[in-house]
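Have a look at the structure below, then the notes.
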Amino acid sequence: MKNKLKIVATIFAFIITSFVKGQNFHFSQFINSPLTTNPANTGFIPDGDYRIGVNYRDQWSSIMAVPYKTMSVFGDAQLFRNRFETGWLGAGGVLLHDVVGSGNLTATKIYGSVAYHQLIGIGSLVSAGFNVGWANKQINVYNLKFPDQFDGKFFDNKLPTSVSLNSNNINYLDVQVGLNYAYFPNERTYINAGFAAQHVNQPRESFFISSPGIDNRVPLRNSIFLNGSFLLNNQWMINPNIYFTTQAKAVEMVGGLNAQYNLSGDGEYQLIAGVYYRHKESIIPMMGLMWKEFKATFTFDATISSMNLYNNGRGALEFSIVKQGLFSTYLGNKKQMLCPSFRN
């Protein structure tokens, strides 16, 4: 019996370890979480000098007593534009917090991010950046129930268990790098492509003592994205976006487009609507509003995979609000605006 419990406990430990190291912060609105999508986006603000934003995601609340909740706050700015004739430095930071499941697995990460942006000719921009952060993960074992706490009818977490965690609180250093290329041949066209590698230092992450055959390093995560903005006329602008990422054996692809409608005529108020698709998982409609320097967008992940048999298609709700602006209105000239805009 003891050997069976040890085997079960070992399997449980492997599953938990794989689950913990496999989780990454996850936003459907990747376009509104620029610093987590690619550190080269730091200070890459085509129509402003600075921006700050918040993101919130609530996932699987229809099937989990304690759903996944992911929150982030970020800010970045362009620096030294008056010192470099054709380039500038970007600096920023992001705070992320994630809560998962009844065991209250929480993750908190704080990153500082730096990037350099160099104009090439009159219609191209190359950017390179990196961020370095501190990551903390905690788990509340008192809310967990282990296999050897089953009394034949129920799981009783008051019973002793042979499963032992080495620690319920871990910390590590995390590093990301990225590259961007932007092309803006005229005032109506803007295309941007980028590549990012996350967890390049592959930090160790586990609540258990290292065991032979179990790799507790966070796998390298690679991602690419392509987006654009096309000004059709004084009332309509379309923005196609696609994001592809791989980590270990996991693959994710999200793509779609949204349109902006100029409500006020001067670009001060805009309506946003669109739809995105996560491959084999969900359809993601988007609605939003821009008013002056603020943009608020809402998305809903409608599950189309086999999971919809359990959650009735209710995958996730996500909300984002971003504010961006200029340090000085003097800088708000044509040279400052690198992407299409309704505003003159």
Original post:
Among Pro67, Pro147, Pro160, which one moves the most in a GNM of the chain with springs linking Cα atoms closer than 10 Å?
Top reply: Pro160
Subject >> Stretch gain in nm, segment Leu309-Thr189, where the contour uses 0.36 nm per residue and the Cα spacing is subtracted >> reply: 39.0 nm
Original post:
Which of the listed residues, Ile45, Phe30, Ser62, is farthest toward the dipole's positive end in the chain, when Lys, Arg count +1 and Asp, Glu count -1 at the beta-carbon?
Top reply: Ser62
Subject >> Compactness of the chain, expressed as Rg and Dmax over alpha-carbon positions, Å >> reply: 22.6, 77
Original post:
Given +1 on the Cβ of Lys and Arg, -1 on the Cβ of Asp and Glu, and no further charges, what dipole in debye does region 153-239 carry about its Cα centre, rounded to the nearest 20?
Top reply: 180
**OP:** Report the net charge of residues surrounding Tyr142, where surrounding means a beta-carbon distance below 14 angstrom and charges are Lys +1, Arg +1, Asp -1, Glu -1.
**Re:** +1
**OP:** Measure nothing but the geometry: give the 0 to 90° angle between the long axis through the Cα atoms of 2-22 and the longest principal axis through the Cα atoms of the chain, rounded to 10°.
**Re:** 0
Subject >> the chain - percent of accessible surface contributed by carbon and sulfur, probe 1.4 Å >> reply: 63
Original post:
What value, in deg cm²/dmol to 500, does the helix sum -39500 (n - 2.57) over DSSP H runs of n ≥ 4 give at 222 nm once divided by the residues of the chain?
Top reply: -2500 deg cm²/dmol
**OP:** Round to a whole angstrom and tell me the spacing of the C-alpha centers of region 49-76 and region 156-177.
**Re:** 23
**OP:** Given the options Gly112, Gly152, Gly267, state which has the largest fluctuation in a GNM of the chain using a 10 Å cut-off (strictly under) for Cα springs.
**Re:** Gly152
Original post:
From the residues Asn311, Ile321, Gly228, which one has its Cα farthest along the dipole of the chain in the positive direction, the dipole being from +1 and -1 charges on Cβ of Lys/Arg and Asp/Glu about the Cα centre?
Top reply: Asn311
**OP:** Can you find, among Ser341, Asn180, Gly265, the residue farthest towards the positive end of the dipole of the chain? Put +1 on the C-beta of Lys and Arg, -1 on that of Asp and Glu.
**Re:** Asn180
Original post:
Taking every pair of alpha-carbon atoms in region 76-168, what share in percent sits in each 10 Å bin, from 0 to the bin with the longest distance?
Top reply: 13, 26, 18, 14, 12, 10, 6, 1
Original post:
Between Arg217 and Thr108, 0.36 nm times their residue separation minus their Cα-Cα distance comes to what?
Top reply: 37.5 nm
Original post:
What's log10 of I(q)/I(0) for region 216-344 at q = 0.18 Å⁻¹, Debye sum over Cα points only, no solvent?
Top reply: -1.08
**OP:** With springs connecting C-alpha atoms under 10 Å apart, model the chain as a Gaussian network and identify which of Thr42, Thr70, Thr189 has the largest mean-square fluctuation.
**Re:** Thr189
Original post:
Heavy-atom accessible area per residue, the chain, 1.4 Å probe: how many Å²?
Top reply: 51
Original post:
Under a point-charge model restricted to the Cβ atoms of Lys and Arg (+1) and Asp and Glu (-1), what is the dipole moment magnitude of the chain relative to its Cα centre, in debye to the nearest 20?
Top reply: 600
**OP:** For region 28-158, calculate the relative contact order in percent as a whole number, restricting contacts to Cα pairs under 8 Å that are 6 or more residues apart.
**Re:** 20
Subject >> Cβ-Cβ FRET estimate between Glu85 and Glu268, R0 fixed at 41 Å, reported to 0.05 >> reply: 0.80
Original post:
How large is the charge dipole for region 227-344, taken about the Cα centre, if only the Cβ atoms of Lys, Arg (+1) and Asp, Glu (-1) carry charge, to the nearest 20 debye?
Top reply: 200
Original post:
What is the extension gain from Val275 to Phe319, computed as 0.36 nm multiplied by their sequence separation minus the C-alpha to C-alpha distance, in nm to one decimal?
Top reply: 14.4 nm
Original post:
Over what distance in Å are the Cα centres of region 241-289 and region 216-233 separated?
Top reply: 12
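The values are calculated or read from the model by the stated rules, or taken from the named source; none is laboratory data. Worth saying up front: this structure is predicted, and the values here are computed from it rather than measured. Counting neighbours? That spans all protein chains shown, and the Cβs are built from the backbone with ideal geometry, glycine included. Note: areas computed on protein heavy atoms with side chains; ligands, DNA, RNA excluded. Shrake-Rupley method; radii C 1.70, N 1.55, O 1.52, S 1.80 Å.
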